[in-house]
Every structure is written in C-alpha cells, then in structure tokens.
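Novice: Below is a structure I'd like to ask you about.
The values are calculated or read from the model by the stated rules, or taken from the named source; none is laboratory data. Everything numeric here is computed off the predicted structure, so don't read it as measured data. Reconstructed Cβ throughout: ideal geometry from the backbone, glycine too, with neighbour counts over all protein chains shown.
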Amino acid sequence: MTKKTPARENPENAAIERISGAMTRNRLMTRRRILGRLAIARVAPALEITHLDVLDVVARVEAPDKATIGAVAEGMRIDPSRASRIVAELVAQDVLERRVCQSDARRSILVITKKGGKLREEIRAFKWAMLESVTEDWTPEEREMFSRLYERFVCGIEDYTRAHAGMEPPAEGEQPVRSAG
C-alpha cells in the first residue's frame, strides 16, 4: 500500500487538508450549538436549544397529521418520553398546540402556533443576517458558487453515509470493513 504524501509536500492534498480542518472546526461549533444558542439569546431567551429542534422536526414533517410525539422522538433520535416532556414545555409556552387527529381520534398531532411561527421566522431572520454578514465581502458569483458546492458536498456526505451504514470507518488508506455486529 502506498503511503500518502503529507499536504505540505503535495499541493493536491492541501485542499483536502483544508476541507478536513474546516469540517473539524465546524463540527466543534455544531456540537456546542453555538449558532442556535446565539439565536435563542437574541430571539427567545426563554427557550432551550432542544426546543428549536422540536420546532424544526414539526415543521419538516411531510403531512400535518404526521407531526406526533413519535415523529419528534424519531426526528431527534431521542426517547418518546423525553420528546413528550419537551413538547409539553412548548405547549405550556404556547409555541406548539396539541390537537386531535381527524383520521384517528386516539392520536394527538402537533401544530405550530402563531407564536411558534413568529419565533421560527425570527430565528430564520437571525440565521440569514448571520450568513449575510459572514459573506458580505463575497461577490454574488462567489455566494452562488459556494451555495452550490456546499449543497453538493453535504449531499455527497449524506450519500456516503447511507452507502456505508453499518461499516466500521477505515484506517487511513484502507477500504471500509463491514462490522460484525
């Protein structure tokens, strides 16, 4: 097996090294939920970061009658009892409302209230303002190119992840190996 030449010795590897470093820095910011915390501090200090996640899941559900506690738990990859507690907090703050499902009266569906919709719009406006600020010295062409390349990059990561689900990550320079469990 051929050993890879370090980035400093091979200019072709420098771009991959920069991407890898930027991904690490972005992962650390994402793990700490820095942008979400900034948005909450400015827009809705009474909310917690998990509240934004619930709102996002409810908003992304395909059909309105599918926005349930189960959908929230699945979307956030948490236990249904935890999802239920978080939803109850949002209902108490008039951000979400529980309604009876018209097709199955035994089920409750979640609906974003007017207050919740306004909150989502304020969070979105904060996010847009932040992105505009970060890219303010970029040309329109640079923004367009970055948006397309970033979307392509994220889709590629998603595709790779789906294709390699259940596989152990390879050691440097090796092919992935399917895990035994």
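Novice: (1) surrounded by 11 or more Cβ atoms within 10 Å (Cβ to Cβ); (2) in contact with a strand residue (DSSP E or B) (Cβ under 9 Å, 6 or more places away or on another chain); (3) assigned to a loop (DSSP other than H, G, I, E, B): which one isn't true of LEU47, the others all being true?
Specialist: Tallying (1) surrounded by 11 or more Cβ atoms within 10 Å (Cβ to Cβ); (2) in contact with a strand residue (DSSP E or B) (Cβ under 9 Å, 6 or more places away or on another chain); (3) assigned to a loop (DSSP other than H, G, I, E, B), LEU47 fails exactly one: (2).
Novice: Scanning region 90-105 for residues that are in a strand (DSSP E or B) and either free of Cβ contacts under 8 Å to residues at least 12 places away in the same chain or over 21 Å from the mean Cα position of the chain (by Cα) (or both), which turns out farthest from VAL54 (Cα to Cα)?
Specialist: So, considering only residues that are in a strand (DSSP E or B) and either free of Cβ contacts under 8 Å to residues at least 12 places away in the same chain or over 21 Å from the mean Cα position of the chain (by Cα) (or both), the one farthest from VAL54 (Cα to Cα) is VAL100.
Novice: Also, I was wondering about something else. Any chance you could count how many residues in region 106-151 are of a type in the set (Phe, Trp, Tyr), farther than 30 Å from ALA67 by Cα and part of a helix (DSSP H, G or I)? Let's see the steps before the verdict.
Specialist: Applying the first criterion (of a type in the set (Phe, Trp, Tyr)) to region 106-151 yields 126, 128, 138, 146, 150.
With farther than 30 Å from ALA67 by Cα added as a condition, the list becomes 138, 146.
So of that shortlist, the ones also part of a helix (DSSP H, G or I) come out as 146.
Residues in region 106-151 being of a type in the set (Phe, Trp, Tyr), farther than 30 Å from ALA67 by Cα and part of a helix (DSSP H, G or I): 1 in total.
Novice: Can we say ARG60 is within 30 Å of TYR150 (Cα to Cα), basic (Lys, Arg) and out of contact with any Cys (no Cβ under 7 Å at 6 or more places or on another chain)?
Specialist: yes
Novice: Give the residue that is nearest to SER103 (Cα to Cα), with candidates limited to residues of region 9-63 that are among the small types (Gly, Ala, Ser) and touching a residue at least 40 places away in the same chain (Cβ under 8 Å).
Specialist: Checking each candidate, the answer is ALA59.
Novice: Given ARG25, ARG42, ARG77, ARG31, which one is charged (D, E, K, R) and either surrounded by 16 or more Cβ atoms within 10 Å (Cβ to Cβ) or modelled with pLDDT of 90 or more (or both)?
Specialist: None of the other options fit; the residue is ARG25.
Novice: While we're on this one: Looking for something farther than 29 Å from ALA125 by Cβ, among the acidic types (Asp, Glu), modelled with pLDDT of 85 or more and loosely packed, with under 15 Cβ neighbours inside 10 Å - is there at least one such residue anywhere in region 5-13? I'd like the intermediate steps shown before the answer.
Specialist: Filtering region 5-13 down to residues farther than 29 Å from ALA125 by Cβ leaves 5-13.
Next, from what is left, pick out any that are among the acidic types (Asp, Glu): 9, 12.
Imposing the further condition that a residue be modelled with pLDDT of 85 or more reduces the set to none.
No: zero hits.
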